[in-house]
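Since the structure comes first, as structure tokens, the remarks are kept for the end.
The values are calculated or read from the model by the stated rules, or taken from the named source; none is laboratory data. None of these values were measured; they are calculated from a predicted model. Cβ coordinates were reconstructed from backbone atoms using ideal geometry, including for glycine residues, and neighbour counts include every protein chain displayed. For accessibility, only protein heavy atoms count, side chains too; no ligands or nucleic acids. Shrake-Rupley method; radii C 1.70, N 1.55, O 1.52, S 1.80 Å.
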Amino acid sequence: QVQLVESGGGLVQAGGSLRLSCAASGIPSGIIFSMNAMGWYRQAPGKQRELVARLTSGGSRNYAGFVQGRFTISRDNAKNTMYLQMNTLAPEDTAVYYCNVVLPLRTGPVDYWGKGTPVTVSS
């Protein structure tokens, strides 16, 4: 069973940095984790979940407008792990951050989500 586990969230002061990790396990044989679209989303209290950053299957990086060069998405193919380096954090970045991967199963593409890791940025 595919599982995504996020880590690295916490409390940080404005201007600080955090590095989030998303470790994938249970990837079906024949599927290469790094060759699939994956990304980070966030959901602040009372708001809808929104895209933060995404890696396409081809390796291109896409970022939400509010990132403004502060965050970097990456992955370690050998570890089946995706990262989000977040710098110059601001209070409005406070949210639960979720990782997502789309895997091409035999029945069709399936979205997988982690349970999230909370990030709190104090002013």
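Details
- Counting only strands (runs of 3 or more DSSP E) wholly contained in the stretch 48-102, the ones carrying 3 or more residues that are in contact (Cβ under 8 Å) with a residue 12 or more places away in the chain occupy 50-55, 71-76, 81-86.
- Just so you know, in the stretch 58-73 the residues that are among the β-branched types (Val, Ile, Thr) and farther than 18 Å from residue 4 by Cβ include one that is least open to solvent (accessible area, probe 1.4 Å), and it is 67.
- Residue count for the stretch 105-123, restricted to those that are open to solvent by less than 60 Å² (accessible area, probe 1.4 Å), part of a strand (DSSP E or B), out of contact with any Pro (no Cβ under 7 Å at 6 or more places or on another chain) and under 14 Å from residue 42 (Cα atoms): 2
- Listed by first and then second residue, the pairs with beta-carbon distance under 9 Å, at least 6 apart or on different chains, first residue in the stretch 106-118 and in contact (Cβ under 8 Å) with a residue 40 or more places away in the chain, second open to solvent by 90 Å² or more (accessible area, probe 1.4 Å), are 112/3; 114/3; 118/11.
- Within the stretch 13-27, one or more residues are open to solvent by 40 Å² or more (accessible area, probe 1.4 Å), touching a strand residue (DSSP E or B) at 6+ places or on another chain (Cβ under 7 Å), in contact (Cβ under 8 Å) with a residue 24 or more places away in the chain and of a type in the set (Lys, Arg).
- Residues within the stretch 74-104 that are within 25 Å of residue 45 (Cα to Cα) and open to solvent by 50 Å² or more (accessible area, probe 1.4 Å), tallied: 5
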